[in-house]
Amino acid sequence: MPRSFVRTSSMSRRRFLASTGAVSLGVALAACSGDGDSGSSSAEPVSQAEIDKAMKTPTELTFWTWVPQIQQEIALFEKKYPAIKVKVVNAGQGVAHYTKLRTALKAGKGAPDMVQIEYQAIPTFTITNSLLNLAPYGATALKDQFIDWTWGQVSGPGGEVWAIPQDTGPMGMLYRKDIFDKHGIQVPETWEEFAAAARKLHKADPDVYLTNLAKNAPAAWHGLLWQAGGQPYATSGKSDLSISVDDAVSKKLGEYWGGLAKEGVISTDPDFTDPWYAGFNKGKYATWLTAAWGPSFLSGSAKSTAGNWRAAPLPQWDAAKPVSGNWGGSTTAVTASTKNPIAAAQFAQFLNSDPASAKMFATQQFFFPATKAVLADASFTGAAPEFYGGQKVNQLFADISDTVSPEFQWPPFYDQAATDWTETVGKSFADKSDTVAALGTWQSRLTTYAKKQGFTVKES
Amino acid sequence: MPATTAAYARKSRRAGPSARRRSVSAGPLFVAPFLILFVLLFLAPLGYAAYLSLFQEQLIGGTVFVGLDNYVTALKDPQLLHGVGRVALFFVIQVPLMLLLALLFALALDSGLLRLARVIRLGIFVPYAVPSVVATLMWGYLYGPDFGPFAQLSRNLDLPAPAFLSESWMLGSLANIVAWEFVGYNMIILYAALRTIPHDLYEAAAMDGAGAWRIAWSIKLPALRPALLLTLLFSVIGSFQLFNEPNLLMKIAPDVISSSYTANLYAYSLAFTGQQVNYAATVSFLLGLVIVIASYAVLLTANRRRER
């Protein structure tokens with residue numbers, strides 16, 4: 001099948017020509033204006049006239065997403081731009097979705113115009129030049145509407161905007177008030193108190209664990225690492241990558257959780273499986289260290305425990321400076337291969353920044369909002385669900401959202417990092433073996449992989 | 001009259017070669033549908049995989065021709081070797097047990113001594129009609145260490161819960177699922193072969209004083225040899241391509257089933273998780289080679305035994 005080889009090489013030639021074109025254009029502009037700043041010339045903004053024309057041209061856009069009933073928000077867009085029709089395709093969720101997307105992108109056809117994409121997956125798709133930079137399409141102007149750290153997650157070092165945030169998952173702790181009361185456990189504010197409570201609870205009732213740290217949840221691990229101030233990945237330029245998933249911060253985290261798993265005072269059941277759901281319903285886990293999307297998810301999945309749950313911030317490493325990390329949430333991105341970049345970019349922006357649409361995600365899909373406006377909306381923060389005994393859970397998580405550090409970065413091959421985590425660190429929880437050693441294995445696996453993929457790797 | 005005869009002869013003489021020519025051209029025509037599909041669906045993908053396996057595509061740096069480098073790496077890759085070793089072990093343990101069960105069921109059904117033979121036959125065959133994904137999900141629930149029925153039962157009896165999903169039991173648990181799915185299928189093949197044995201052989205044997213066991217041993221089993229060989233071949237291929245069952249159980253036992261648990265699973269995760277399509281093609285190609293060799297070894301030993 002040499003054809004595909006030829007096609008990729010011609011594509012790269014075209015890309016090469018385009019970039020040299022941009023450079024010479026930049027040189028020409030620099031010559032005219034006399035200033036040396038030619039770096040941003042490739043991100044020439046699209047004019048309002050062009051946008052108006054595109055939005056009046058009959059177009060069909062394809063959108064791959066797993067969000068249930070997203071048709072409601074799309075209807076708002078189609079009402080405003082009657083010429084544009086959006087076709088929704090559900091290609092699975094998470095890994096299944098990315099696998100199909102990558103296959104379609106590689107095949108060169110069948111890829112959607114817009115795509116649902118989680119924060120941690122964005123660099124995985126920008127490294128293959130699969131996402132369209134939305135900055136020239138007016139996305140930069142939206143910056144101030146979104147929570148600062150979410151905008152940090154979707155933007156590149158050169159001012160690129162790779163996606164528009166849709167929902168987020170700042171991490172907190174859901175706990176069973178009835179179990180805590182029964183065993184006289186105070187809500188832990190530090191990880192030290194949390195560990196003590198874990199030992200106490202499991203000793204008092206061997207059938208109950210203070211929490212379940214899933215051995216297959218690399219995303220939760222990254223969230224906890226984020227909270228602890230970890231900087232496991234950093235990229236500079238395109239091919240320089242530093243990987244430090246076994247640095248001091250990671251080791252501290254590994255010792256802590258590996259130690260609790262080894263003692264057997266926490267469980268490590270795989271999450272989002274039948275036994276895990278049953279565990280919540282039968283009171284096996286007294287807390288769930290989860291994200292802001294957790295409260296509404298749990299109230300649908302553990303109905304028999306309604307009214308017994310409460311929410312609190314994550315325990316802290318340093319009680320004086322409360323911080324949190326993010327787990328989950330997603331964005332809308334536009335593929336670089338789209339034939340309708342203007343309409344697709346407008347859609348991604350409208351869907352997540354239009355006040356009515358953004359609010360609908362919070363009220364219909366129970367997403368935790370990424371826009372400042374909805375997050376400050378009294379009807380959102382004032383909700384007091386019975387499942388949590390009337391506690392204002394959204395307000396709590398809105399406060400936590402302010403404490404999420406904007407620094408955290410993702411590797412350009414998240415799928416691989418996640419799989420390797422499960423097979424090393426996650427496995428060490430299950431085997432009750434040395435988690436710190438497992439972090440070292442994870443580090444060396446990632447380094448080997450990155451070098452094989454042509455990166456210049458810096459270990460620290 | 002002669003004129004017509006001559007004309008007829010001429011006509012037939014003319015018809016002769018053209019008919020032969022037609023029959024010559026008809027052959028390929030008849031084979032064409034198969035051949036086209038064979039080339040499109042078998043040779044082309046195979047050739048493409050072989051082609052892919054000679055390159056290496058990197059996230060940084062693009063695609064380069066690397067010759068046989070991928071094969072050299074693969075032959076030294078512990079994850080691949082473990083995966084192949086594991087399915088080989090699976091084959092050695094699971095297949096004889098499964099075929100023995102299928103054989104026993106087929107013989108029992110064929111003996112005519114069972115009541116409700118039709119119901120039993122259907123009952124054994126039904127698991128094959130259940131898609132393997134559904135079967136694995138069902139068994140995954142049954143194996144559950146907390147809320148599975150076996151775990152609950154043993155808890156009620158104050159016994160330690162069987163650890164079906166632990167590292168040491170997993171291969172056995174997988175073997176059980178596959179056996180459950182395919183005993184009925186193999187049983188039907190063997191049973192059909194048994195039905196083709198002429199009944200006068202049994203009568204003659206009975207006249208000579210042979211009992212049911214003797215008939216089974218001396219007549220039925222030898223007559224079943226080709227069918228058994230067929231089921232064995234299917235099982236070689238099935239075992240080495242083990243994928244669905246471990247892929248689904250991975251979700252509930254992620255610490256036991258790694259992404260390279262079986263060779264096929266490894267190829268899949270290389271391509272779709274690690275974005276190493278070229279290396280995945282190499283692994284698939286080598287796996288295909290292993291299957292060809294294993295199948296050929298089975299055929300060869302069986303034939304040699306027959307000659308003896």
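The values are calculated or read from the model by the stated rules, or taken from the named source; none is laboratory data. Bear in mind that the values here come from a model prediction, so they are computed numbers and not experimental data. Backbone-built Cβ (ideal geometry, glycine too); neighbour counts: all protein chains shown. Protein only, heavy atoms only, side chains kept; ligands, DNA and RNA dropped before computing areas. Shrake-Rupley method; radii C 1.70, N 1.55, O 1.52, S 1.80 Å.
Odds and ends about this structure:
- Each Cα pair of chain A feeds into the Kirkwood radius, which the Stokes-Einstein equation turns, at 4 °C and 1.567 mPa s, into a diffusion coefficient of 55 µm²/s.
- Reduced Cα scattering model of the stretch A:228-319, Debye log10 I(q)/I(0), q = 0.11, 0.16, 0.19 Å⁻¹: -0.49, -0.88, -1.05
- Interface burial in the stretch B:251-284 reaches 30 Å² or more for B:K251, B:I252, B:P254, B:D255, B:S259, B:F272, B:T273, B:G274, B:Q275, B:Q276, comparing the full protein assembly with the chain by itself; accessible area from heavy atoms with a 1.4 Å probe.
- Burial of 20 Å² or greater, the stretch B:144-159 residues [accessible area, probe 1.4 Å, versus chain by itself]: B:D146, B:F147
- Kirkwood Rh and Cα Rg combined as Rg/Rh, the protein assembly as shown: 1.05
- Considering only B:N264, A:Q227, A:N394, the residue lying farthest towards the positive end of the dipole of the protein assembly as shown is B:N264, judged by Cα position with unit charges set on Cβ.
- Reach of A:K182 by Cα under 18 Å, taken over lysines that are not fewer than 8 positions away in the same chain: A:K200, A:K203, A:K282, A:K284
- Cross-link partners of A:K451 among lysines (Cα-Cα below 30 Å; sequence separation of 8 or more within a chain): A:K100, A:K106, A:K109, A:K215, A:K238, A:K251, A:K252, A:K427, B:K76, B:K251
- Take the Cα of B:Y296, step 7 Å toward its Cβ, do the same at A:K85, and the gap between the two points is 5.6 nm.
- Rg over Rh for chain B works out to 1.13, both radii taken from alpha-carbon positions and Rh defined as the Kirkwood radius.
- Where A meets B: accessible area buried, both sides, 1.4 Å probe, Å²: 2900 Å²
- A 1.4 Å probe run over the stretch A:159-261, with the rest of the protein chains in place, finds 35 Å² accessible per residue.
- C-alpha long axis of helix A:95-107 to longest principal axis of chain A, angle in °: 20 degrees
- For the stretch B:70-307, the per residue solvent-accessible surface stands at 52 Å², with DNA, RNA and ligands left out and a 1.4 Å probe.
- Within the protein assembly as shown, percent of DSSP bridges classed antiparallel, to nearest 5: 65 percent
- Here is what passes the span test in chain B: the DSSP H helices with alpha carbon length of 30 Å or more along the helix axis and a Kyte-Doolittle mean of -0.5 or above are B:2-38, B:78-110, B:170-195, B:277-307.
- Think of a 1.4 Å ball rolled over the protein heavy atoms: the stretch A:296-350 then has 34 Å² of accessible area per residue.
- Signed unit charges on C-beta, dipole axis of the protein assembly as shown, positive-most listed residue A:A163, B:A302, B:L153: B:A302
- Taking the Cα centre of the stretch B:70-307 as reference, the dipole from Cβ charges on Lys and Arg (+1) and Asp and Glu (-1) amounts to some 420 debye.
- A:E255 paired with A:S444, simple spin-label distance in nm, labels 7 Å along Cα-to-beta-carbon: 2.2 nm
- Think of the protein assembly as shown as a dipole: +1 on every Lys or Arg Cβ, -1 on every Asp or Glu Cβ, centred on the Cα centre; then among B:L137, B:V183, B:I219, B:I219 lies furthest on the positive end.
- Inter-part distance, the stretch A:79-103 to the stretch A:197-216, computed on C-alpha centroids, equals 40 Å.
- Accessible surface of chain A, 1.4 Å probe, proportion on carbon and sulfur as whole %: 56 percent
- Computed in the context of the full set of protein chains, the accessible area of the stretch B:164-308 at 1.4 Å probe radius has 65% of its extent on carbon or sulfur.
- Cross-link reach list, lysines versus A:K392, counting only Cα pairs under 22 Å and skipping chain neighbours closer than eight places: A:K177, A:K303, A:K359, A:K372
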